[in-house]
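K.L.:
Starting off with a structure, shown below.
The values are calculated or read from the model by the stated rules, or taken from the named source; none is laboratory data. Not measured: the values here are computed from a predicted model. Here the Cβ positions follow ideal geometry from the backbone for every residue, glycine too, while neighbour counts run over all protein chains shown. These accessible areas exclude ligands, DNA and RNA; they are computed on the full protein's heavy atoms, side chains included. Shrake-Rupley method; radii C 1.70, N 1.55, O 1.52, S 1.80 Å.
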Amino acid sequence: MTIIFSGLALGAIYALVAIGYNIVFLSQKTFNFAQATLMMFGAFLAYLGIAVWGLPWWLVGIGAAIIVGLIAALEERVAVRPVKDMHNLLVTTLGASFVIEGVAQLIWGGEPHAVPFFLGNKPLEIAGGAVLPVEIAIVVVVVLLVVALTQFSKRSMVGIALLGMSEDREAAVLRGVNVRRFAFLAFVATGMIAGFLGVIVGPKTYAVATLGASLALKGFVVLAIGGFGSMWGVLVGGAIVGLAEAIAGRYWGADYAAITVFAILVIILMIKPTGLFTRRKERTV
């Protein structure tokens, strides 16, 4: 069971990155490839606030959310809004991730830094396996976040407007939706979520400058398996990728972990090209 718990926690971290991808995809029909790097920056801020300055974790989380939200706002203004071609956004957001990673490396160096978890690091015995409190917290947080965002998209005017933008951007404009403003707010919101999650993700992954690069690709694989735009698909995709990586790494070796994940991705996309939780849309012309 220990390997199952570890795999689910790992998959939950990938799912948290994929949730950020999903929110930007729904609002702008593109991806922010700096999303994982923003989470990496949040982990460094958690290290600075909790381990170095000794501040309460909740205060550090709020501060990290504000700072990373501002970084995301700056990224949207510099690397997203001026770009006219949506395909070029993939390049500019990837460039932004390199800049953020470089800044983190200049400030904190290339060595990993341990981030204390507010519930301690003593393993718990559950169903014959050992699990860390932070692993339970990560899984609980990703489930609660998906439930909250799903309800928000169904019951709030902002959420309904974002869904309308994802379905038909021109129709949303005709209905009076300020698409540019909502897209900006969605971008900043993903940055704030990534910053706050640094106090949860950092204790599991450590604060290290290469964290963004290692999470970015797996987060995209989770999104592709679950289906672009599906929050529930993110949960299932994260569990599949995390468990596959953990089990393959445990029994076949670390070299086969990534191969197994991408083999599963190829098989799923061959059977269902839109992902497990997204239906193919057809329109009459």
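K.L.:
Between segment 253-267 and segment 48-112, how many Å separate their Cα centres?
P.N.:
29
K.L.:
Here is a further query. Under 29 Å from the Cα of LYS154, which lysines turn up, not counting those fewer than eight places away in the same chain?
P.N.:
LYS29, LYS218, LYS272, LYS281
K.L.:
Which is the longest part of the chain that has none of the trypsin sites (Lys or Arg not before Pro) sitting in a DSSP loop with at most 15 other Cβ atoms within 10 Å?
P.N.:
On the way: sites that count: LYS29, LYS84, ARG175, ARG279, ARG280, LYS281, ARG283.
With a cap of 15 other Cβ atoms within 10 Å, the longest stretch comes to 176-278.
K.L.:
For segment 235-281, what number results from the quotient of the Cα radius of gyration and 2.2 N^0.38 Å? Kindly include the intermediate steps, with their values, before the conclusion.
P.N.:
On the way: Rg = 11.9 Å, N = 47, 2.2 N^0.38 = 9.5 Å.
For segment 235-281, the normalised Cα radius of gyration comes out at 1.26.
K.L.:
OK, next. Which percent of Cα-Cα pairs in segment 139-285 sits in each 5 Å bin, short to long?
P.N.:
Per 5 Å bin, starting at zero, the Cα-Cα P(r) for segment 139-285 comes out as 2, 8, 13, 18, 19, 17, 12, 7, 4, 2, 0, 0 percent.
K.L.:
Determine the equivalent ellipsoid of segment 90-162 by diagonalising the alpha-carbon gyration tensor, then write out the semi-axes as square roots of 5 times the eigenvalues, largest first, rounded to whole Å.
P.N.:
Values: eigenvalues 175, 162, 19 Å².
In descending order the semi-axes read 30, 28, 10 Å.
K.L.:
On to the next question. Tell me which residues come under 5 Å, amide H to amide H, from ALA130 once H is placed; ignore anything under 5 positions away on its chain.
P.N.:
Distant-sequence amide H within range of ALA130: THR2.
K.L.:
A further question on this structure: Less than 21 Å apart at the alpha-carbon level, and either on another chain or at least 8 residues along: which lysines does that give for LYS122?
P.N.:
In chain and number order, the partners are LYS204.
K.L.:
Averaged per residue, what accessible area in Å² does segment 61-136 show with a 1.4 Å probe, protein chains only?
P.N.:
Values: 4320 Å² over 76 residues.
Result: 57 Å² of accessible area for each residue.
K.L.:
Rank HIS113, HIS87 by accessible area, highest first, at a 1.4 Å probe radius? Mind dumping the intermediate values first?
P.N.:
Details: HIS113 40, HIS87 140 Å².
So, going from the largest accessible area down, we get HIS87, HIS113.
K.L.:
Answer with one residue from PRO112, PHE152, VAL139: the one whose Cα lies farthest towards the positive end of the charge dipole of the chain, charges on Cβ with Lys, Arg +1 and Asp, Glu -1.
P.N.:
The residue sitting most towards the positive pole is PHE152.
K.L.:
Right, next: Quick one: Cα convex hull volume of the chain, Å³ per residue?
P.N.:
Values: hull volume 40.2 nm³, N = 285.
Per-residue hull volume (Cα only) is 141 Å³.
K.L.:
For the chain, modelled as a Gaussian network with Cα springs under 10 Å, which listed residue fluctuates most, PRO116, PRO203, PRO56?
P.N.:
Its mean-square fluctuation being the largest, the pick is PRO56.
K.L.:
For segment 1-92, state what percent of all Cα-Cα pairs lands in each successive 10 Å bin, counting from 0 Å until the bin that includes the largest distance.
P.N.:
Computed distribution, short to long bins: 15, 37, 31, 15, 2.
K.L.:
What's the center-to-center distance, using Cα atoms, between segment 23-40 and segment 150-218 in Å?
P.N.:
7
K.L.:
Next question. Taking only Cα atoms of segment 206-285, what ratio of Rg to Rh do you get with Rh as the Kirkwood inverse-distance radius? Present the calculation step by step, with values, prior to reporting the outcome.
P.N.:
Working: Rg = 14.4 Å, Rh = 13.5 Å.
So for segment 206-285, dividing Rg by the Kirkwood Rh gives 1.06.
K.L.:
Provide the per-residue ³J(HN,Hα) series for segment 163-179, in order, calculated from phi with Karplus coefficients 6.51, -1.76, 1.60 and θ = phi - 60°, each as a whole number of Hz, with x at glycine and proline positions.
P.N.:
5, x, 5, 5, 6, 7, 5, 5, 5, 5, 5, 5, 7, x, 7, 7, 5
K.L.:
Right, another one. ILE247 to LEU74: extension gain in nm, 0.36 nm per residue of separation minus the Cα-Cα distance?
P.N.:
Numbers: separation 173, 0.36 × 173 = 62.28 nm, distance 3.98 nm.
Taking ILE247 through LEU74 to full extension adds about 58.3 nm, to one decimal.
K.L.:
Roughly how much of TRP108 is accessible, in Å² to the nearest 10, using a 1.4 Å probe?
P.N.:
Roll a 1.4 Å probe over it and TRP108 shows about 40 Å².
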